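Report on the structure given below.
The values are calculated or read from the model by the stated rules, or taken from the named source; none is laboratory data. Keep in mind that what you see is a predicted model, and the values were worked out from it rather than measured. Glycine also receives a Cβ, built like all others from the backbone with ideal geometry; neighbour counts cover every protein chain displayed.
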Amino acid sequence: MRKATTLTSCSVCPVRQLNIFKQLPSELVDAIENYRTEQVTLPAKTFLYKQGEEHSNTYTLFSGWVMLYKTLDNGSRQILRYALPGDFLSFQADLNSPINHSAQVLTECSFCVFPRKSILQMFEHHPELASQIAWITARDMSLSHEYLVNIGRKNAKERMAYLFLDLYHRLCTQVEYQENTIPFPMTQEDIADTIGLTLVHVNRTLRSLREEGLVKLAHHQLTILDYATLASLAGFTRPLNAQPQPLL
């Protein structure tokens, strides 16, 4: 873990310029900065935290991709979701309990660090920020519900199409990508553990989508070749220009 020697000021933070945010009053921006203790950077394939650990911090993802997952008793894993810049990590119902999932860094990532005890103090003194966290929690719950339906009630091609479009939409609210191509740092094994398929089934389904001219996945880049058909296949109805509500 590498700690930043100079902290980025919240008032000029590039993450706050993303489309997923709106302007906050300067006093609230200053309040956020007062509760942040440091910025840290982790290399790809390392862990921010692991399931079952006693953990004392929460984080805002400043840059990069993080994979959140739970490990079952038999050693298998279920990937819950992928965190992107601006997402809030390691917040859970009981902040005094061990962390209930793992967070693995997929690409080099930077984080702003907020001690859990400071978060509770921030809620008490700044209810407006507490409401933002409540919205984040509701948004993440909604995303989890969508993924649950995706795994439980859709076939392999529909599941994969939905995953690709969800990530595409979330990234496109932040950056305008050329030629419908986004970075895609996950492996086929990661895809399998996200949508509940075997590795062989993932490979076969991905080949089918490629042969049908819907997507191209190569060199850790995903290109959506036929958006309308892929959205129809996935049952994906989110408008392409839809903007999420503001986050913390």
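Among the candidates GLU108, GLU128, single out the residue that is surrounded by fewer than 19 Cβ atoms within 10 Å (Cβ to Cβ), over 20 Å from LEU167 (Cβ atoms), in contact (Cβ under 8 Å) with a residue 12 or more places away in the chain and among the acidic types (Asp, Glu).
Going through GLU108, GLU128 in turn, the sole match is GLU128.
Which members of region 139-157 meet the condition of being closer than 24 Å to GLN92 by Cβ and not polar (S, T, N, Q)?
Listed by number, the residues that qualify are ARG139, ASP140, MET141, LEU143, HIS145, GLU146, TYR147, LEU148, VAL149, ILE151, GLY152.
So, SER97, is that one crowded, with 18+ Cβ neighbours inside 10 Å and assigned by TED's automatic domain parsing to the domain that holds LYS45 or not?
In short, no.
Does region 212-220 contain at least one residue that is surrounded by 17 or more Cβ atoms within 10 Å (Cβ to Cβ) and either in contact with a Cys (Cβ under 9 Å, 6 or more places away or on another chain) or assigned to a strand (DSSP E or B) (or both)?
Within region 212-220 (the criterion being surrounded by 17 or more Cβ atoms within 10 Å (Cβ to Cβ) and either in contact with a Cys (Cβ under 9 Å, 6 or more places away or on another chain) or assigned to a strand (DSSP E or B) (or both)), the answer is yes, since at least one residue qualifies.
Being within 20 Å of ASN155 (Cβ to Cβ) and either hydroxyl-bearing (Ser, Thr, Tyr) or out of contact with any helix residue (DSSP H, G or I) (no Cβ under 9 Å at 6 or more places or on another chain) (or both) is the filter here; which residues of region 212-226 pass it?
ASP226
Is it the case that ARG159 is without any contact (Cβ under 8 Å) to a residue 24 or more places away in the chain and either closer than 20 Å to VAL202 by Cα or among the hydroxyl-bearing types (Ser, Thr, Tyr) (or both)?
Taking the combined requirement at face value, the residue does not satisfy it.
Would you mention how many residues in region 50-67 are surrounded by 19 or more Cβ atoms within 10 Å (Cβ to Cβ) and closer than 27 Å to HIS169 by Cβ?
9
State whether the residues of region 36-48 include one that is in the same structural domain as SER9 (by TED's automatic domain parsing), buried (at least 16 other Cβ atoms within 10 Å of the Cβ), modelled with pLDDT under 90 and more than 18 Å from the chain's Cα centre (by Cα).
yes
Restricting to region 182-211, and then to whatever is more than 23 Å from THR237 (Cβ to Cβ) and of a type in the set (Val, Ile, Thr), can you tell me which residue is surrounded by the most Cβ atoms within 10 Å (Cβ to Cβ)?
My answer is VAL202.
Hey, can you tell me all the residues within region 177-202 that are farther than 20 Å from THR107 by Cβ, in contact (Cβ under 8 Å) with a residue 12 or more places away in the chain, among the hydrophobic types (A, V, I, L, M, F, W, C) and assigned to a helix (DSSP H, G or I)?
ILE195, VAL202
Would you call LEU171 touching a helix residue (DSSP H, G or I) at 6+ places or on another chain (Cβ under 9 Å) and farther than 30 Å from ASP94 by Cβ?
No, not satisfied.
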